[in-house]
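A.B. asks: Once you've had a glance at the structure underneath, I'll fire off some questions.
The values are calculated or read from the model by the stated rules, or taken from the named source; none is laboratory data. Please read these numbers as outputs of a predicted model, since none were measured by experiment. Cβ placement follows ideal geometry from the backbone for every residue including glycine, while neighbour counts extend to all protein chains displayed.
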Amino acid sequence: MAELILEVLPLAIVASTPLLLAVQGELVVQRGGMINLGLEGMMLVAALTSILSARASESALLGFAGGIAGAALIALVFGVFAIHLHADQIVTGTAINLLAVGATSFVYRELPPSLVTQLVAIQGSTAIVPLAWLVFPIVLAIVLWRTSFGLRLRACGENPSAVVAAGHSVVAHRWLALGIESIAAGLAGGYLSLAYSGFAENMTTGRGFFALSIVIFGRWKLRGALAGTALFGIAAALQYALQASARDVPYHLLLAMPYVVTLLILCGVAGKVRPPESLGR
């Protein structure tokens with residue numbers, strides 16, 4: 001089994017790249033005191049706007065820019081309701097996911113197939129892998145734990161009244177956190193459509209929800225987030241490897257492997273973590 005894990009490790013890294021980006025974006029938002037269940041919808045919209053932008057410009061860079069713009073649009077909707085109108089964040093995120101699924105499916109079916117599909121990955125899209133696993137974690141670690149902005153943002157998730165008393169705006173910091181998540185979710189969604197075969201309906205397949213669970217598993221820290229994502233990636237890669245090896249294991253059980261691993265992870269940490277004090281308020 002150890003040899004098999006080593007063999008599938010490169011595939012695990014590539015397969016879990018969009019998930020890792022989503023995890024890091026959600027980590028920043030939750031450190032600021034918000035729960036964005038709409039992350040799944042952000043990634044889905046980003047996947048569609050990325051492929052449309054890349055098709056129009058024939059540029060991976062502009063494709064990812066389009067993905068970030070799509071994710072930012074969804075983040076704007078969430079921010080208006082959650083930050084300014086003080087709507088329930090869980091309900092708002094759920095509604096955004098339903099809206100994103102419906103809207104992207106409608107656009108997908110109305111557009112010519114040539115605009116949303118591709119046979120070859122757009123050149124340059126694979127550069128996201130080292131960005132997600134090396135650059136983004138280092139930058140976030142510095143921003144969150146080595147800057148005054150990071151200290152204030154974490155205070156927004158623990159004690160917002162202290163931030164206000166110090167003369168800073170909780171609203172502004174939470175909007176900036178959503179902006180960071182928009183970049184991460186936009187890159188994640190863009191990677192899904194640009195590095196694979198184009199856009200497909202509901203192609204995120206629950207990655208946004210897995211990101212939420214990995215943030216909890218990682219105890220709202222980057223090291224834990226990286227470890228949780230790696231475990232999920234290895235489970236997903238093992239699923240593909242076991243299918244290819246034609247072992248006498250039912251196909252549907254193999255498909256369930258990453259989801260079972262996630263549930264086991266959550267069962268192992270349930271009741272043992274302390275979320276930010278003002279999370280979701």
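A.B. asks: Tell me whether segment 38-57 contains one or more residues that are surrounded by fewer than 24 Cβ atoms within 10 Å (Cβ to Cβ), hydrophobic (A, V, I, L, M, F, W, C), more than 30 Å from LEU151 (Cβ to Cβ) and at pLDDT below 95.
C.D. replies: The answer is yes; a qualifying residue exists.
A.B. asks: Can you give me the number of residues within segment 198-240 that are among the basic types (Lys, Arg) and under 13 Å from the mean Cα position of the chain (by Cα)?
C.D. replies: Number satisfying all stated conditions: 1.
A.B. asks: Another question about this same structure. Of all residues in segment 36-79 being over 19 Å from TRP175 (Cβ atoms) and not in a helix (DSSP H, G or I), which is nearest to the chain's Cα centre (by Cα)?
C.D. replies: So, considering only residues that are over 19 Å from TRP175 (Cβ atoms) and not in a helix (DSSP H, G or I), the one nearest to the chain's Cα centre (by Cα) is SER59.
A.B. asks: Moving on to the next point. If you take just the helices (runs of 4 or more DSSP H) that sit entirely in segment 113-212, which of them hold at least 3 residues that are closer than 14 Å to MET43 by Cβ and touching a residue at least 12 places away in the same chain (Cβ under 8 Å)?
C.D. replies: Answer list for segment 113-212: 170-194.
A.B. asks: Look at ILE13 and say whether it is crowded, with 24+ Cβ neighbours inside 10 Å and assigned to a helix (DSSP H, G or I). Give the steps one after another, and end with the answer.
C.D. replies: Details: crowded, with 24+ Cβ neighbours inside 10 Å: no; assigned to a helix (DSSP H, G or I): yes.
No: the conditions fail for ILE13.
A.B. asks: From the residues in segment 124-168 that are among the hydroxyl-bearing types (Ser, Thr, Tyr) and exposed (fewer than 14 other Cβ atoms within 10 Å of the Cβ), which one is nearest to GLY228 (Cα to Cα)?
C.D. replies: Out of the qualifying residues, it is THR147.
A.B. asks: Which one is nearest to GLY150 (Cα to Cα), of the residues in segment 216-254 that are assigned to a helix (DSSP H, G or I) and modelled with pLDDT under 65?
C.D. replies: Among residues in segment 216-254 that are assigned to a helix (DSSP H, G or I) and modelled with pLDDT under 65, the one nearest to GLY150 (Cα to Cα) is LEU254.
A.B. asks: Say we look at segment 168-214 and pick out the residues that are of a type in the set (D, E, K, R) and modelled with pLDDT of 95 or more; which of these is nearest to ALA75 (Cα to Cα)? Step through it out loud before you land on a result.
C.D. replies: Step one: filter segment 168-214 for residues of a type in the set (D, E, K, R), giving 174, 181, 201, 207.
Adding the requirement that they be modelled with pLDDT of 95 or more leaves 174, 181.
Working: ARG174: 11, GLU181: 8 Å.
Across segment 168-214, the extreme among qualifying residues is GLU181.
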